[in-house]
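Data block below; observations after.
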Amino acid sequence: MTDAEFQAWLESPSAIRCALVEVVANISGVETTLYLSNRGYVTGPAETPANKVYMPYLIGGVSFTESLSLEGSPSIGWGDLELKNADGSLDGYLDYVWAGRAVNVYLGDMSWPRADFQLIFTGLVDDLSSRSRDTLNIKIRDKLDKLNVSMTETLLGGSTSNKDKLLPLCFGECHNITPLLVDPATLEYQVHNGAIEDIIEVRDNGVPVTVTKYLATGKFRLTASPVGEVTCSVQGAKPGGTYSNQIATLVQHIVTTYGNDPLVSGDIDSASFTAFASANTQPVGLYLDSKTNVIAACNQLASSVGGQLVMSRLGQLRLLKVDLPASGTTTYATSSDMVERSLSISDSPKVVAAVKLAYCKNWTPQSSIQSGIPAEHLTLFAKEWLETQSTDNTVATTYKLSKEVEAEETLLLVEAHATAECTRRLNLRKVQRRVFKYTAPANKLSLLLGAPHQITHSRFGLSGGRTGQIVKLSSDWLKGRVDVEVYI
């Protein structure tokens, strides 16, 4: 069945919507797939799975929400599958272990063979709950939740005073980091648990010193005992054997390498990553020497240019950014595409007159160096960040806003890139923008989060048509409708 045929069926008033849910639960220590439906559905002997009964327990749900955060934090999509349990026949479900198990939801017509049903969601179970005496609710999350785990728990080990410290990780180019002393006897230090591109410079109390590099293992050795604090500047990990300081490459490397259950290549929306990489080539650097989870590390990288991680409802990771104009193919909606009187304003982000960004992080600020290095170097070593600011004085006067703002931290390295990103964010925020929300029938269920979308309506100054970016979709596949929110 083609996408066009499926969409035509979604919009058909004669469609008999049937949802098939395949969800895993741990039952008495055994990973078991349960087959559920909103209607009684049985597969044929030659189908896959064969002769399978999908129990008609679903009475609601099959609704999912996905969103882009205007603040830049990653948003985990969520949903709900409601099961009827008025007679208590499903009370035994409460003894199963559900968290973190796979769930797939398919949609089709009761008259279709199993092979024609279309996957509409793949993700993970968050937990089982009950919102009323008569129901059970399987709470579901998209696969972004898989990244909410520690990057690594690999400790140095051994018998030194650092034995309980995590082995560090370095991505891109990082300035003045504190390496981990792994062997006091040989003065061996480590900056990354793996191969790196280069150790640019090692300093003892701010003064460059000679070292022996072991780039294949991310280590170096001093040739003499240090007199003060040892720091260094490093070009780190080599994803696939090739060094990179680009956000998209590093994010893909991290999500497919780290954590207890990394994503695989099929979990990556390659088109999204390729587009993001092409539009965002600014070099970055991230150093991790303490416990950090995968999604937090990736968000630090992506948010440096206003990006964020988003998992599609079909389980593919995307890199998107809130930006106007948004990239992609524009879709359109008029009043005829909306449920009557459903158009409203759901949010009005505050206008700002200034944006300040922190960049070129000094990973080890040193304010008490006593060596004879130049005074200007001492000043730089004492600063954790360099900063740049963009200001619109007219906006400040008009809206009576302060031009003194807190710096937003980034992992950008170059002043020109930080200044350009600062200006981009200011241009986005110095205008009074709105988020418009409307409810649409099934013809809008195929809308794509992050894509450009034009709304034309007689209300709210939209009569001439205005184009923004889709920042939230709340889809109910059984009811055949979707709530759409657009940032304009």
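Computed from the coordinates by the stated procedures, all read-outs in this text should not be read as laboratory data. Everything quoted here is computed from the prediction, not taken from an experiment. Note: ideal-geometry Cβ built from the backbone for every residue, glycine included; neighbour counts use all protein chains shown.
Placing unit charges on each Cβ (+1 for Lys and Arg, -1 for Asp and Glu) gives the chain a dipole about its Cα centre, and among TYR214, HIS457, THR152 the Cα reaching farthest toward its positive end belongs to HIS457. Residues of the chain were split at every exposed loop site, defined as GluC sites (Glu not before Pro) in a DSSP loop with at most 13 other C-beta atoms within 10 angstrom, and the longest piece left, sites excluded, is 154-339. Summed over qualifying helices (DSSP H, 4 residues or more, each -39500 (n - 2.57)) and divided by its residue number, the chain shows a 222 nm mean residue ellipticity of -4000 deg cm²/dmol. In terms of surrounding Cβ atoms within a 10 Å radius of their Cβ, MET338, MET151, MET311, MET110 rank from fewest to most as MET110, MET338, MET151, MET311. The magnitude of the dipole of region 147-310, with charges of +1 and -1 set on the Cβ of Lys/Arg and Asp/Glu and taken from the Cα centre, is near 160 debye. Once the convex hull of all Cα atoms in region 3-141 is built, its volume per residue stands at 142 Å³. Each residue of region 190-202 in order: what ³J(HN,Hα) in whole Hz does its phi give by Karplus 6.51 cos²θ - 1.76 cosθ + 1.60, θ = phi - 60°, with x for Gly and Pro? Residue by residue, region 190-202 yields 10, 10, 7, 7, x, 6, 10, 7, 6, 9, 5, 7, 10 Hz.
Centroid-to-centroid, using Cα positions, region 205-222 and region 1-61 are 59 Å apart. Taking the Cα centre of region 245-378 as origin and assigning +1 to Lys and Arg Cβ atoms and -1 to Asp and Glu Cβ atoms, the resulting dipole is close to 220 debye. Using only side-chain charges placed at the Cβ, +1 for Lys and Arg and -1 for Asp and Glu, the dipole size of the chain relative to its Cα centre rounds to 980 debye. Across the chain the C-alpha pair distances fall into 20 Å bins from zero in the proportions 20, 45, 28, 6, 0 percent.
Using +1 at the C-beta of Lys and Arg and -1 at the C-beta of Asp and Glu, which of LEU380, THR281, VAL352 has the Cα lying farthest in the positive direction of the dipole of the chain? My answer, from the dipole projection, is VAL352. The slack between SER335 and ASN51, meaning 0.36 nm per residue of separation minus the straight C-alpha distance, is 97.7 nm.
Pairs spanning more than 20 Å between alpha-carbon atoms, out of LYS163/LYS291; LYS356/LYS383; LYS163/LYS238; LYS163/LYS383: LYS163/LYS238; LYS163/LYS383. Here ILE200 and SER402 are evaluated by their C-beta separation; at R0 = 25 Å the FRET efficiency comes out at 0.05. Applying both filters, DSSP loop and at most 13 other Cβ atoms within 10 Å, to the trypsin sites (Lys or Arg not before Pro) of region 382-472 gives LYS400, ARG459. Here the ratio of the Cα radius of gyration of region 18-91 to 2.2 N^0.38 Å is 1.42. Ordering CYS174, TRP112, ALA102 by Cα displacement along the dipole of the chain toward the positive end leaves TRP112 in first place; charges were set at the Cβ atoms of Lys, Arg (+1) and Asp, Glu (-1). Counting only alpha carbon atoms, the long axis of helix 415-429 and the longest principal axis of the chain meet at about 30°.
As a size descriptor, the averaged projected area of the C-alpha convex hull of region 148-278 was calculated at 9.0 nm².
Straight Cα distances below 28 angstrom link LYS479 to the lysines LYS52, LYS84, LYS139, LYS143, LYS437, LYS444, with same-chain residues fewer than 8 positions distant left out.
Note on ASP95 and LYS350: their simple-model spin labels are 5.3 nm apart, each label 7 Å out from Cα toward Cβ.
Name all residues of region 208-228 having a backbone nitrogen under 18 Å from the label point set 7 Å from the Cα of ASP183 along its Cα→Cβ direction, giving them as ranges. So the set is 211-226.
Over region 354-429, the ratio between the Cα radius of gyration and 2.2 N^0.38 Å evaluates to 1.35.
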